[in-house]
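The values are calculated or read from the model by the stated rules, or taken from the named source; none is laboratory data. Treat the numbers as computed from the prediction; the structure is a model and nothing was measured. Counting neighbours? That spans all protein chains shown, and the Cβs are built from the backbone with ideal geometry, glycine included. Side chains included, ligands, DNA and RNA excluded: accessible areas come from the protein's heavy atoms. Shrake-Rupley method; radii C 1.70, N 1.55, O 1.52, S 1.80 Å.
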Amino acid sequence: MEIYSSHIGRLIEQLSRLPGIGPKSAQRLAFFIIRLPKEQVESLAGAILDAKENVHYCRECCTLTDGDLCPVCADTRRDHSTIMVVEDTRDMAAYEKTGKYDGVYHVLHGAISPMNGVGPEDIRMKELMTRLAKEDIKEVILATNSSLEGETTAMYLARLIRPTGIRVTRIASGVPVGGDLDNVDEVTLLRALEGRTDMGHG
Ligand code: ZN
């Protein structure tokens, strides 16, 4: 016999699929939502659907954006010959917040992780290589995280890009591990960027 109504059970199950939400948090959130006024629940559900329906991948850099091109790619004053490769849109936002980087980005939406079954074809790597082939790129800055997955991805990409003759650099380590570039302060990010080292030319 189910302790909760089947409706609450379903809500808890859906919430517990979200990253970082365990069964206990899912229960707490479910009961919180049930107690909210109906308009607030509608607005929450509406925001989720709206985001899903209206957010696109930028046709250049693959970041999440409202239009066809993100504001960075659409900005002609940026240096379009320097591409910083990051794992997700939040990492890009963190570097943008510093206001000191004037190149463009490429967002992979993940990192290679053999343990979790994530291979090069599961992230936006092909799109990057296509960009490198058709645009005049001078430097690719690998700014994936310093986690095992981030390092694996950087090494894989460096090996892939080197034959093209494009300069490949890696940001200095010292940025804390674990997908949380958005929590790193600007000084640390800029130091990582300025201290980047060559991973070799073609
Ligand atoms: Zn873009």
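Residues that are open to solvent by 20 Å² or more (accessible area, probe 1.4 Å), at positive phi and at pLDDT 95 or above occur in region 102-109; there is at least one. Quick one: what pairs do we get from region 1-25, first residue without any contact (Cβ under 8 Å) to a residue 24 or more places away in the chain, second open to solvent by less than 70 Å² (accessible area, probe 1.4 Å) and not in a helix (DSSP H, G or I), C-beta under 6 Å, 6+ apart or different chains? From residues that are without any contact (Cβ under 8 Å) to a residue 24 or more places away in the chain, the pairs are Leu15/Ile21; Pro23/Ser16. Look at region 145-173: where a residue is loosely packed, with under 15 Cβ neighbours inside 10 Å and a partner is among the charged types (D, E, K, R), sitting 6+ places away or on another chain with Cβ atoms under 9 Å, you get Ser173/Glu151. Once region 55-80 is narrowed to residues that are of a type in the set (Asp, Glu) and more than 10 Å from the ligand (Cβ to nearest atom), the residue that is farthest from Leu142 (Cα to Cα) is Asp66.
The sole residue among Arg90, Arg78 that is out of contact with any strand residue (DSSP E or B) (no Cβ under 8 Å at 6 or more places or on another chain), assigned by TED's automatic domain parsing to the domain that holds Ile137 and closer than 26 Å to Leu190 by Cβ is Arg90.
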